[in-house]
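Heads up, the thing below is written out as structure tokens.
The values are calculated or read from the model by the stated rules, or taken from the named source; none is laboratory data. The structure presented is a predicted model; accordingly, all values stated were derived computationally and were not measured. When we count neighbours, we look across all protein chains shown, and the Cβ atoms used for this are built from the backbone with ideal geometry, even at glycine. For the accessible areas, the whole protein counts, side chains as well, though only heavy atoms, and no ligand, DNA or RNA atoms are used. Shrake-Rupley method; radii C 1.70, N 1.55, O 1.52, S 1.80 Å.
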Amino acid sequence: MDFEYSPKVRDLQSRLTAFMQDRVLPAEAIAAEQLASKPDWWGAPPIMADLKAAAKRQGLWNLFLPAREGAGLTNLEYAPLAELTGWSPTIAPEAVNCNPPDTGNMELLHLYGTPEQKQEWLIPLLDGEIRSCFSMTEPDVASSDANNVRLEIADDGDHWVLTGRKWWSTAALREDNRVAMVMGVTDPDAPTGSRHSIVLVPMDTPGVTVVRSTTVLGFDDRHEGGHGEIVYDKARIPKANLLGPRGQGFAVAQARLGPGRIHHCMRLIGMAERAIALMTDRARTRVAFGKPLADEGVVQATVADARIAVDAARLTVLRAAWRMDVDGAKAARHDIAAAKVLVPLTVKKIVDDAIQIFGGAGLSQDTPLAMLYSQARFLQIADGPDQVHRRSLARAEFAATPVLTEVRG
């Protein structure tokens, strides 16, 4: 495994670092003020338009997409760039059009979309002109087992008719959210694994109602467009809105979930790095019991442990990205699962330690630490809870043939 960055990646790192320092980080306070002045607004603050225009001019756009419509980067090449955007997870990903859930939705449209679907949805998404959401999780079933998903997608002549309820559809409340990718049951009598399909549902379809947004540990995430609970009440869409083969919804969804999971982990590494930067700066400047916190052994141990942990987590992410590039996402699924378990846990601990060093300020809105903590905690559940990934890893371990057998006396 060679994790050396190519000249192309180093150039993008340099330009993206400057963009983060010069444009994105200074925009955080402005964005917060703009959203505070528009309490009923769901979506990006006005300053986002300026950031997106600047990112396009500087060639920092669609970095996530390996196809010709994107930057042409491998997963391994994209990893250090996604990490940089993790320093400002509420602004930077959208500023460079690398924000979930649009990244995964664009990948699905690229892989499975018809020419008409690509023209209507993919091109505007690639240009950053519209947003989208992904409706999979349901409030009335244990969605960690995707076979439980039961929204009905009934076959009615030239149309599909959707009936059911979804939630955690991120970006659903944005005015510029134009389409939802919805998973539901098209073939209830088919074998397990072949009952579900994904369809494209325009948000202005009659019968589609966004009931509310759920908060994340109290954060409303208005910059993202919230996390919508959506009722589909006999919503009719054309048969042409089927995305991918009928009955292959799980296979289609996996094409977005694998990259989506590792992209989350890449950004989380950047969140951890920002927490470390904040805690070290705080420790240098804060005096308690007659000396800077940085001189206290317990604080030094905390900082050292954070560095060890984030570097180990980063290597796990890079290995998963490398394996995806070499063998494909399916072969790398256990590497992705390992990263998906390890990284949010690691980052949550680092952010928690940073909060402890800041004291009361770390719990307040005066630092980004509470937001970073909620993001890390959220990602222990999003795209599959830890327990599901551990289950998959354990099953693979039990199935493996040991190289050595223990000798019992």
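A single entry from Ala294, Ala321, Ala337, Ala331 fulfils the requirement of being closer than 24 Å to Leu84 by Cβ and not acidic (Asp, Glu): Ala321.
Report whether or not Ile123 is free of Cβ contacts under 8 Å to residues at least 12 places away in the same chain and among the aliphatic types (A, V, I, L, M). So Ile123 fits the description; yes. Considering the range 41-52 alone, what residues qualify as being within 21 Å of the chain's Cα centre (by Cα) and in a loop (DSSP other than H, G, I, E, B)? Hits for the range 41-52 are Trp42, Gly43, Ala44, Pro45.
Would it be correct to say that Pro45 is within 19 Å of Ile262 (Cα to Cα), crowded, with 19+ Cβ neighbours inside 10 Å and either in contact (Cβ under 8 Å) with a residue 40 or more places away in the chain or in contact with an Asp or Glu (Cβ under 9 Å, 6 or more places away or on another chain) (or both)? Steps first, answer last, please.
Values: within 19 Å of Ile262 (Cα to Cα): no; crowded, with 19+ Cβ neighbours inside 10 Å: yes; either in contact (Cβ under 8 Å) with a residue 40 or more places away in the chain or in contact with an Asp or Glu (Cβ under 9 Å, 6 or more places away or on another chain) (or both): yes.
No: the conditions fail for Pro45.
Inside the range 95-109, residues that are under 16 Å from Leu60 (Cβ atoms), out of contact with any strand residue (DSSP E or B) (no Cβ under 9 Å at 6 or more places or on another chain) and not hydrophobic (A, V, I, L, M, F, W, C) make up a count of 2.
Checking each residue in the range 210-219 for being open to solvent by less than 60 Å² (accessible area, probe 1.4 Å) and assigned to a strand (DSSP E or B) picks out Val210, Ser213, Val216. If the condition is being touching a residue at least 24 places away in the same chain (Cβ under 8 Å) and closer than 27 Å to Gly260 by Cβ, then the range 343-369 contributes Val343, Pro344, Leu345, Thr346, Val347, Lys348, Lys349, Ile350, Val351, Ala354, Pro368, Leu369.
Considering Val287, Val231, Val299, Val252, which residue is over 30 Å from Met106 (Cα atoms), open to solvent by less than 50 Å² (accessible area, probe 1.4 Å) and among the β-branched types (Val, Ile, Thr)? Full working, then the answer.
Details: Val287 fails: open to solvent by less than 50 Å² (accessible area, probe 1.4 Å); Val231 fails: over 30 Å from Met106 (Cα atoms); Val252 fails: over 30 Å from Met106 (Cα atoms).
After ruling out the rest, the residue left standing is Val299.
Residues in the range 1-40 that are assigned to a loop (DSSP other than H, G, I, E, B) and open to solvent by 70 Å² or more (accessible area, probe 1.4 Å): 7 in all.
One residue alone among Ala382, Ala394 is at pLDDT below 95, out of contact with any helix residue (DSSP H, G or I) (no Cβ under 6 Å at 6 or more places or on another chain), surrounded by fewer than 22 Cβ atoms within 10 Å (Cβ to Cβ) and hydrophobic (A, V, I, L, M, F, W, C), and that residue is Ala382.
Here the condition is being open to solvent by less than 10 Å² (accessible area, probe 1.4 Å) and farther than 19 Å from Ile381 by Cβ; of Val185, Val179, it holds for Val179 alone. Checking Gly207, Gly225 one by one, the residue that is touching a Phe, Trp or Tyr at 6+ places or on another chain (Cβ under 7 Å) and open to solvent by less than 10 Å² (accessible area, probe 1.4 Å) is Gly225 and no other.
Residue by residue, here is whether (1) in contact (Cβ under 8 Å) with a residue 60 or more places away in the chain; (2) out of contact with any helix residue (DSSP H, G or I) (no Cβ under 8 Å at 6 or more places or on another chain) holds:
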| site | (1), (2) |
| --- | --- |
| Gly228 | yes, yes |
| Leu242 | yes, yes |
| Gly247 | yes, yes |
| Leu257 | yes, no |
| His263 | yes, no |
| Met266 | yes, no |
| Glu273 | yes, no |
| Thr285 | no, yes |
